[in-house]
Amino acid sequence: MVFYFTSNAAAAVYTIYMGKDKYENEDLIKYGWPEDVWFHVDKLSSAHVYLRLHQGQTMDDIPKEVLSDCAHLVKANSIQGCKLSSVTVVYPI
């Protein structure tokens, strides 16, 4: 079962989805929506984290607090990344 979280770090509430393993990551890719933004730790194994944008939103509309929530979540769920002091998180811009 895919995990989901609610980010209320900003005025608007956002839903964040995360796969617990590679099979759920594949399901997220397969069933993702066009308005989902994908986050991953660069060059390391990590969970896939998807932020569901609100209708009509673009990447420029995402509050930095919500981006931070997604980045922290993906780092914390990387076997190697969670042990490092910093990682690079990739997402489309």
Within segment 3-16, can you find the residues that are under 17 Å from residue 35 (Cβ atoms) and either exposed (fewer than 12 other Cβ atoms within 10 Å of the Cβ) or touching a Gly at 6+ places or on another chain (Cβ under 8 Å) (or both)? 4, 6, 13
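Can you pull out the residues in segment 8-25 that are among the hydroxyl-bearing types (Ser, Thr, Tyr) and more than 11 Å from residue 49 (Cβ to Cβ)?
Pass one, segment 8-25, residues among the hydroxyl-bearing types (Ser, Thr, Tyr): 14-15, 17, 23.
Matches in segment 8-25: 14, 15, 23.
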Answer residue from segment 48-81, given it is under 22 Å from residue 27 (Cβ atoms) and polar (S, T, N, Q) and is nearest to the chain's Cα centre (by Cα) among those: 77
Which pairs have Cβ atoms under 6 Å, sit 6 or more apart or on different chains, and link a residue in segment 42-59 that is in contact (Cβ under 8 Å) with a residue 12 or more places away in the chain to one that is of a type in the set (Asp, Glu)? 50/36; 52/36; 53/35
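Which of the residues spanning segment 68-93 are free of Cβ contacts under 8 Å to residues at least 24 places away in the same chain and of a type outside the set (Lys, Arg)? Write out each step before concluding.
Of the residues in segment 68-93, the ones free of Cβ contacts under 8 Å to residues at least 24 places away in the same chain are 72, 76, 82-86.
Result: 72, 76, 82, 84, 85, 86.
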Please work out if residue 14 is touching a Phe, Trp or Tyr at 6+ places or on another chain (Cβ under 6 Å) and not charged (D, E, K, R). no
Selection within segment 77-89 - exposed (fewer than 13 other Cβ atoms within 10 Å of the Cβ) and of a type in the set (A, V, I, L, M): 79, 84
Any residue at all in segment 38-55 that is out of contact with any helix residue (DSSP H, G or I) (no Cβ under 9 Å at 6 or more places or on another chain) and among the β-branched types (Val, Ile, Thr)? no
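Identify all residues within segment 28-50 that are surrounded by fewer than 15 Cβ atoms within 10 Å (Cβ to Cβ) and either more than 17 Å from residue 76 (Cβ to Cβ) or among the basic types (Lys, Arg) (or both); write none if there are none. Working first, answer last.
Start the filter on segment 28-50 by keeping residues that are surrounded by fewer than 15 Cβ atoms within 10 Å (Cβ to Cβ), which leaves 29-31, 33-35, 42-43, 45.
Within segment 28-50, 29, 30, 31, 33, 34, 35, 43 qualify.
Bear in mind that the values in this text are calculations on the coordinates, not laboratory data. Remember, predicted model here, so these are calculated numbers, not experimental data. As a convention, Cβ positions derive from the backbone with ideal geometry for all residues, glycine included, and neighbour counts pool all protein chains shown.
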